[in-house]
Protein chains: 2
Amino acid sequence: MKQSVPAATVSRLPIYLRCLKDLSATQETCSSEELAQIAGVNSAQVRKDLSFLGSQGTRGVGYDVEELRRQLRTALGLDTEYAVAIVGAGNLGSALSNYDGFGTWGFEVVALFDTDPTKVGSEVGGHEVLPIDQLETVVTQRSVAIGIVATPAGSAQEVADRLVGAGVRSILNFAPTVLQVDQGVEVRRVDLSTELQILTFHLHTPAG
Amino acid sequence: MKQSVPAATVSRLPIYLRCLKDLSATQETCSSEELAQIAGVNSAQVRKDLSFLGSQGTRGVGYDVEELRRQLRTALGLDTEYAVAIVGAGNLGSALSNYDGFGTWGFEVVALFDTDPTKVGSEVGGHEVLPIDQLETVVTQRSVAIGIVATPAGSAQEVADRLVGAGVRSILNFAPTVLQVDQGVEVRRVDLSTELQILTFHLHTPAG
DNA sequence: TAGATTGTTAATCGATTAACAATC
DNA sequence: TAGATTGTTAATCGATTAACAATC
């Protein structure tokens with residue numbers, strides 16, 4: 001793998017991996033053109049993206065599907081097991097706790113926190129809801145690598161600060177806020193209403 | 001508003017709107033620098049983005065917060081009420097049905113579909129779960145503008161095809177698949193494992 | 001060899017941002 | 001007027017893609 005993979009490329013790697021999973025059922029080899037088709041991108045882009053992985057396809061043949069999956073998994077760091085903590089056991093936090101896709105990709109939900117005393121102690125998605133006071137302790141003890149913020153907007157920043165303070169360097173933020181974090185902390189934002197509003201922009205804008 | 005707003009700008013408009021909501025509590029006017037700060041972008045970018053709305057700030061003063069919010073809402077098409085249908089009443093579909101943020105932004109969930117006979121007829125988030133057979137009828141009758149796909153990956157494409165067939169032109173896809181749709185249909189993809197994998201890429205990649 | 005497809009270059013395209021004249 | 005801040009230009013930066021030599 002070369003030094004610096006462009007952000008746009010990184011965000012496409014998981015998509016390629018997913019597409020290859022489907023392909024692997026039917027074929028041993030695939031061309032950049034095939035992969036591009038199902039991933040919804042240009043084939044030159046596929047080849048360029050894969051070249052960052054030092055990937056070796058075979059001219060005239062294509063890429064070995066299994067080999068490429070292995071390379072993508074390695075590049076994405078999916079050979080390691082990562083501990084995940086979810087903060088907020090409301091609708092979304094509960095849905096996330098019940099999500100069984102974590103294990104598939106080597107993520108383990110090791111804690112689920114909430115402030116609500118009526119929720120603390122109950123079990124959600126196989127996880128006991130812990131009081132938020134234990135955040136620092138648990139994050140440290142379980143070496144939590146990724147924090148998921150599933151709180152209301154009002155508490156998101158404080159939660160993020162505490163996660164970062166406890167050593168978390170990667171945050172997935174479902175709260176409708178832009179988190180302010182130190183350089184070196186990676187935040188990905190997932191917001192339903194933002195997505196809906198982008199759709200409505202195109203819906204109501206005359207062509208485009 | 002000028003003819004063509006760049007995609008990158010469109011995706012930032014909802015963020016500005018959100019940030020202004022917070023600001024409006026404390027001040028009547030804000031500079032591009034302030035807005036940039038809380039939105040986490042460059043101030044020149046804020047000014048450029050807002051200029052696409054035909055927005056008129058006041059030199060030496062900044063932007064009128066309320067006026068700008070109004071312009072953003074109009075630009076994003078939030079003056080209209082949009083009917084939304086959710087397909088899939090599992091963990092995620094249920095969480096979405098319970099989400100009370102839809103109303104805030106002028107979205108109305110008019111239907112929730114599932115294939116599971118044990119779910120059909122039950123109530124989730126104030127919505128009766130309808131059998132998937134009724135998809136076309138309901139989409140037409142209620143003029144559904146936005147379809148939310150919250151099914152497993154295996155059924156996502158078929159659901160999308162049916163939504164599009166019934167006239168839906170905007171899809172929010174939570175299933176871990178890349179949907180193939182006709183040109184003119186807008187799809188936004190929200191995928192938890194993609195986001196997690198992007199985080200792990202940066203976690204395990206030595207600096208960058 | 002002929003056909004297919006990669007890996008990479010170079011051209012293009014689009015997005016970001018520094019800089020500054022305009023102006024409140 | 002002096003200070004602040006916009007709106008916009010032009011420079012920069014980065015990402016996409018057409019094209020093609022290399023080669024299986």
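All of the numbers you see were taken from the coordinates with simple rules; none came from a lab. The model shown is predicted, which means the values in this text are computed figures rather than measured ones. Quick reminder, even Gly has a Cβ in these numbers, built from the backbone with ideal geometry, and neighbours come from all protein chains shown.
Towards the positive end of the charge dipole of the range B:40-127, with charges on Cβ (+1 Lys, Arg; -1 Asp, Glu), say which of B:Ala111, B:Gly62, B:Gly121 has the farthest Cα. Towards the positive end, the residue furthest out is B:Gly62.
Using C-alpha pairs under 8 Å with a sequence gap of at least 6, the mean separation divided by the residue count of chain B gives a relative contact order of 14 percent.
The same position B:Glu67 in the other copies lies at 6.3 nm from this copy, comparing label points 7 Å beyond Cα toward the beta-carbon, shortest first. With one equal scatterer per alpha carbon and no solvent term, the Debye-computed log10 I(q)/I(0) for the range B:103-208 at 0.16, 0.18 1/Å reads -0.77, -0.93.
A:Gly103 label point (Cα plus 7 Å toward Cβ) to equivalent points in the other copies: 3.8 nm, shortest first. For the range B:9-52, the C-alpha radius of gyration sits at 1.04 times the compact-globule guess of 2.2 N^0.38 Å, with N the residue count.
Here B:Asp64, B:Asp161, A:Asp191 are placed in order of increasing Cβ neighbour count within 10 Å, fewest first, which gives B:Asp161, B:Asp64, A:Asp191.
Exceedance of the 32 Å cut-off in Cα-Cα distance is limited, within the set A:Lys21/B:Lys119; A:Lys21/A:Lys48; A:Lys119/B:Lys119; A:Lys21/B:Lys21; A:Lys21/B:Lys48, to A:Lys21/B:Lys21; A:Lys21/B:Lys48.
The Kirkwood radius of the range B:28-131, taken over pairs of alpha-carbon atoms, gives through the Stokes-Einstein law at 4 °C and 1.567 mPa s a diffusion coefficient of 79 µm² s⁻¹. Dipole magnitude for the range B:32-72: about 140 debye, using +1 per Lys or Arg Cβ and -1 per Asp or Glu Cβ, origin at the Cα centre.
Just report the Cα centroid separation between the range A:73-145 and the range A:1-58, whole Å. Using only Cα atoms to place each centre, the spacing works out to 30 Å. Chain A's nearest residue to the axis relating it to B, judged by Cβ and reported with the distance in whole Å, is A:Ala95, 2.
Take every DSSP beta bridge whose two residues both sit in the protein assembly as shown; close to 20 percent of them are antiparallel. Here is the list for the range B:1-82: trypsin sites (Lys or Arg not before Pro) lying in DSSP coil, each with at most 15 other C-beta atoms within 10 angstrom of its C-beta, are B:Lys2, B:Arg59. Plugging the Kirkwood radius over Cα pairs into Stokes-Einstein for the protein assembly as shown, at a temperature of 10 °C and a viscosity of 1.306 mPa s, what D comes out in µm²/s? Once the numbers are plugged in, D ends up at 69 µm²/s.
Our analysis of chain A gives Rg over Rh at 1.03, with the two radii drawn from alpha carbon positions and Rh computed by the Kirkwood formula. Of the GluC sites (Glu not before Pro) in the range B:31-111, the ones in a loop by DSSP (not H, G, I, E or B) with at most 12 other beta carbons within 10 Å are B:Glu81. 3J(HN,Hα) along the range A:19-28: 5, 5, 4, 5, 4, 4, 6, 10, 8, 8 Hz, from the Karplus curve 6.51 cos²θ - 1.76 cosθ + 1.60 with θ = phi - 60°, whole Hz, x for Gly and Pro. Grouping the Cα pair distances of the range A:73-122 into 5 Å bins from zero gives a pair-distance distribution of 5, 19, 27, 19, 13, 9, 5, 2, 0 percent in increasing distance order.
The other copies place their B:Ala44 label points at 2.8 nm from this one, listed shortest first, where each point is 7 Å from Cα along Cα→Cβ.
For chain B, the antiparallel share of DSSP beta bridges with both residues in that region comes to about 20%. Taking the Cα centre of chain A as reference, the dipole from Cβ charges on Lys and Arg (+1) and Asp and Glu (-1) amounts to some 700 debye.
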